[in-house]
Each structure stands twice: as C-alpha cells, then as structure tokens.
Amino acid sequence: MAGVSRLQYTTEVRLIRVMCSGRVDLEFVLRAFSNGMDGVFIGGCRLNECNYITHGNYHALNMVLLCRKIMEHIGLNPERLRIEFMSSAEGILFAEVMSEFGNKVKELGPLGKGEGIDQNGLKSKLAEITKLVPYIKVVKNEKLASRLVNPEEYDTLFTKDEIDKLFSEVISYYIDPEKCQACMTCAKRCPVEAIISAKNQIHVIDQEKCIKCGTCFEVCPPKFSAVTKISGEPVPPPIPEEKRTIVRKTKKEKGEKDKE
Ligand code: SF4
Ligand code: SF4
C-alpha cells in the first residue's frame, strides 16, 4: 500500500518478501547482522488476524524477543531489531515505522562500532551463535511456541540471565571410545550426518557439523551407553583414526576366556 500510494520512507532499506513473518528464522536475522546490516525490521500481520491456524506472527514475535536477548548477551543494542504488526492496508503506518526505524538505526551507528565492540570479535561471536541456532531452538522450543497476549509480558519471556546461562552451559555430545560397539545406530539417526561411521570402527562425532539435537544420546542402546552429554566443558579430542578399529573376539575366544 505504501508503494501504491507513493508514500515516502527511508531509502536505506532493502525489502525481502516472505510468505509469512513466521518464516523469518533466527538464523536469517543473525546472518543479516553477520553480513553487515545495521538493523533488521520484521513486519508481520496483526496478531490474532492470521488466516491460518499456524499464527506464524507469534513465532516471529518470540524469535525477535529471543534474538534481542541474544544481542544483549553479545553486547549489541537490541533496538537494532524491531518487529511491528500491521495490515497490508496500513501503508501510512508502514512508511512512518520504516522512517522511524531508519532514523533509530542511524542514531545507533554502524553495527558494533556504535556499541564499541571489536569487529572481528563480533563476527566470530555471530558465527558461533549462528552455528548454535538449531540447539537454541530445541532448548527454547516451548517458549518459542508461546502466544503472549499482554505486550507487558514481552520483556519477560526470555531473561538476560537465562540467555547467559544458555551459552555458558552449552551441551555437547561425545562418544566414549571405550564403550562404542560400532552398532551404527547413532550414525543412521543423526539428522546432519555428523557422525563419522564405518563398520567395526569406533564412531566419532564431528563437533563442527553436530547441531546438538541429542538424538545419538537417546538412540545409543542402553547396553552400550556410549554417548555422553557434556555441559559447558570442552569436548575431549577424537580418538585418532588409526586407533578406531574394534577387534571383536570370536565365539571360541570368548568361550576360552569364560573357562579361565
Ligand atoms: S547430537 Fe544430534 S547432530 Fe550431534 S551427532 Fe548426535 S545426532 Fe548428530
Ligand atoms: S549407537 Fe552407541 S554403540 Fe552404537 S555406534 Fe553409536 S555410539 Fe557406538
């Protein structure tokens, strides 16, 4: 409507159209900042006016509330991220909000510089958090699905302490080489092929690829219990390739051992 009515608003925006505000993933926002955007604005349909049962605008709202706390955690001003709900007929409102947001971002200055954060440090923090997005979504799944009715609750959905804790106690998964029996169950079930797997080879998790979904931990047979959960501590280095072969005892050897 703003375009059709030839309304004037800031020219420093790049519009990206999506089918639903709920489609804007946390990763997209972090990637926009990683790519040097100084601010991100999300426009969604008015809450409770969604034509579908999905109510994607609530997902977008919760994602923004979470992302703003993450921004605080890494020292970025959360006002660089804004969400507003409006109908497609509200062109005047859209133009006003865009201009206001454009002015706000200009006032805040370039991303990171305005906050006095070292650019390289900021880039690596953003990259680190972007990698953790699937994990964050699993851990905060319930809150991300909530529907807040009262705007006064927005600021309390996620707290700064909670987000600080989330990053200080990041869970990692590790396969204990002493226990792994190379049954291959975990490798078959890993959604991102993060487990280095081969017949009769001790399995190893590629920590770079792992999205910390916990599936391997759940599916490793209890008689092996080879996958361990590590919280907030470094993961032990992987067993060297040349030491991964499992030498299995034959039935005869086992029998002899039993006799002894
Ligand atoms: S935690 Fe999930 S992603 Fe990581 S290795 Fe296990 S199954 Fe794969
Ligand atoms: S499921 Fe457990 S025992 Fe089987 S390969 Fe994976 S870590 Fe090893």
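The values are calculated or read from the model by the stated rules, or taken from the named source; none is laboratory data. What you see is a predicted model; the values in this text were computed from it and never measured. Cβ sites come from the backbone with ideal geometry, for glycine too, and all protein chains shown count toward neighbours. SASA here: full protein model, heavy atoms, side chains in, ligands and nucleic acids out. Shrake-Rupley method; radii C 1.70, N 1.55, O 1.52, S 1.80 Å.
Just a few scattered comments:
- On full extension, the segment bounded by ILE230 and PHE28 gains 69.9 nm, given 0.36 nm per residue less the C-alpha separation.
- Computed 3J(HN,Hα) for the stretch 143-149, one whole-Hz value per residue from the Karplus formula 6.51 cos²θ - 1.76 cosθ + 1.60 where θ = phi - 60°, is 5, 5, 9, 6, 10, 7, 8, glycine and proline marked x.
- Diffusion coefficient, µm² s⁻¹, Stokes-Einstein with Kirkwood Rh over alpha-carbon pairs of the stretch 1-137 at 25 °C and 0.890 mPa s: 156
- ASP161 accessible area, assembled protein chains, probe 1.4 Å, Å²: 120
- About its Cα centre, the chain has a charge dipole of approximately 1260 debye under the convention of +1 per Lys or Arg Cβ and -1 per Asp or Glu Cβ, with nothing else charged.
- Based on the Stokes-Einstein relation at 20 °C and a viscosity of 1.002 mPa s, and on the Kirkwood radius from alpha carbon pairs, the chain is assigned a translational diffusion coefficient of 99 µm²/s.
- In sequence order, the stretch 35-45 has phi-based couplings of 7, x, 5, 8, x, 10, 10, 10, x, x, 5 Hz under the Karplus curve 6.51 cos²θ - 1.76 cosθ + 1.60, θ = phi - 60°, and Gly or Pro positions carry x.
- Accessible surface ranking that places the most exposed of ILE195, ILE163 first, with a 1.4 angstrom probe: ILE195, ILE163
- Sorted into 10 angstrom bins from 0, the C-alpha pair distances of the stretch 77-220 split as 9, 25, 27, 21, 12, 5, 1 percent.
- Atom-type composition of the exposed protein surface of the chain places 52 percent of the accessible area on carbon and sulfur (1.4 angstrom probe).
- A dipole drawn for the chain from +1 and -1 charges on Cβ atoms has a positive end, and of ASN51, PHE167, VAL235 the residue lying farthest that way is VAL235.
- Using a Förster distance of 41 Å, the FRET efficiency for ASN120-ARG17 (Cβ separation, nearest 0.05): 0.80
- Heavy-atom surface of the chain, accessible at 1.4 Å and reported per residue (Å²): 62
- Computed with a 1.4 Å probe over protein heavy atoms only, the accessible area of THR185 comes to about 50 Å².
- Helix axis angle, 91-108 relative to the chain longest principal axis, alpha carbon, degrees: 70
- Amide H contacts of VAL170 (H built 1.01 Å from N, under 5 Å, at least 5 apart or other chain): GLY232
- The angle between the Cα long axis of helix 56-73 and the longest principal axis of the Cα atoms of the chain comes to about 80 degrees, rounded to the nearest 10.
- Among VAL64, MET86, ILE117 the positive-end extreme of the charge dipole of the stretch 52-141 (Cβ point charges): ILE117
- Residues in the stretch 74-86 carry Karplus couplings, in order, of 9, x, 8, 6, x, 6, 6, 10, 9, 10, 9, 10, 7 Hz; the curve used is 6.51 cos²θ - 1.76 cosθ + 1.60 with θ = phi - 60°, and Gly or Pro positions show x.
- Within the stretch 125-209, the GluC sites (Glu not before Pro) that combine a DSSP coil assignment with at most 11 other C-beta atoms in a 10 angstrom radius are GLU169, GLU178, GLU193, GLU208.
- The distance linking the stretch 1-73 with the stretch 126-141 is 18 Å (Cα centroid to Cα centroid, whole angstrom).
- At most 10 other Cβ within 10 Å, DSSP loop - trypsin sites (Lys or Arg not before Pro), the stretch 110-189: none
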